[in-house]
Amino acid sequence: MLRALHLANSGQLDQAEALLRYAFEHSPPNLEGLLLLAQIMLRRGRTADVVAESIMHLGADAEPALLYRGLAEVFERSGERKAAEAAFRAALEQNPDDPRIALALASLLMRDDRADEAVPILERAIAKSPGSAELHSAVGIAYLECGWLDAALAECTAAVRLSPESSDCHCNLGVVLARCGKLAQAQEEFQKAQELDPESAVVRLNLAQAMAHLGRPDEALECIAEAARLAPQLPDPHILAGEILAEHSRWEEAAEAFRQATELDRTNCSSWIALGDVLAELGQFSRAAAAYRQATELAPDDVYPRLALARVYQQMNAHDLALEEARAALELEPNNPEAREIMASIPKH
């Protein structure tokens, strides 16, 4: 097992797979070995269906729920979301009383903006495990995403009552309170969550948002700086800082914040658009155009960066380029009034 892991980590995937398969021929495979084989097969380009079939065949004597759950986690880490969902559902079918599987499946669905599908899964799990604070908190957030604020508040309040020492439960209650407009109470919950888990960047970001909405931007920015220190790989602190700074017309600082966000995640279209907007406010039109072009490449069907790019091209007197982007915007939205206005305003040759 260790030898196979070493081979896989050094990029010798074919040798690692061969070694594991040889070992499985001579002794019953364990769960850890099967899941390592699944990772290796995915890295070698096998489809998720082929991997699942092979692993379930090799692990015929293993506990099915555990094997499906492990496979689901491997698939999710590899970006195979559909396969992960199918494996979590199979695991839940094998062991419908395991709240951990229900939570994992619901979390996956909510990350895909499918809270309405997560709700019944969590409700069934709560019926079987009514004392689980984690389940009550999770269904509260699912209700929130569905727009059911009263139900969300009731469930997240129940979660805190069941587990007053849980930072996650206090944080989720704070999120619901903030959405309900109860910002002072939300801040209190985030502060409790921070006391319970001072190393959580997520808690600090939520607290910063509450502070910003309460008109305390400098304190919010201090909180965000600490979140960035705790999670230097995350773009989220820089995005939030940029939004707060831009709201207060601190354009240079906002531009730097969004620039850092794009360096940490070059695939986030919203960060490139925000950077372009701030640079345009600074009158740095060529740099703004570069940011908007990145956004159009990442989201070719989004009309906003096309229009923004057309506007900055107008500022640069690059009328042909502005016309091209306005036309592209009209192809996406034929009745877009701003695109038509831009085209009408461009001098005719």
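Read-outs throughout are calculated quantities, based only on the coordinates presented, and are distinct from any laboratory measurement. In this text the structure is predicted, and so the values were computed from the model without any measurement. So basically every Cβ, Gly included, is an ideal-geometry build from the backbone, and we count neighbours across all protein chains shown.
Summary of values
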quantity: Average Cα contact separation per residue, region 125-230, under 8 Å, 6 or more apart, as relative contact order %; calculated: 18 percent
quantity: Highest-MSF residue in the chain out of 24, 88, 258 [GNM, Cα springs under 10 Å]; calculated: 24
quantity: Mean Cα-pair separation over length for region 222-349, i.e. relative contact order, pairs under 8 Å, 6 or more apart, %; calculated: 15 percent
quantity: Radius of gyration, Dmax [region 1-112; alpha carbons; angstrom]; calculated: 13.9, 42
quantity: Chain lengthening between residue 95 and residue 267 when straightened (0.36 nm per residue, less Cα-Cα); calculated: 58.2 nm
quantity: If the convex hull is drawn through the Cα atoms of the chain, its volume per residue in Å³; calculated: 183 Å³
quantity: Order of 319, 6 - criterion: other Cβ atoms within 10 Å of each residue's Cβ, fewest first; calculated: 6, 319
quantity: Residues 224, 239 arranged by fewest to most Cβ contacts within 10 Å; calculated: 239, 224
quantity: Highest-first arrangement of 306-315, 186-195, where packing means the average Cβ count within 10 Å; calculated: 306-315, 186-195
quantity: Distance (nanometres) between label positions extended 7 Å along Cα→Cβ at residue 31 and residue 345; calculated: 6.2 nm
quantity: Residue order, fewest to most surrounding Cβ atoms within 10 angstrom, among 316, 41; calculated: 316, 41
quantity: Fluctuation leader among 293, 111, 204 - the chain, Gaussian network, Cα springs under 10 angstrom; calculated: 111
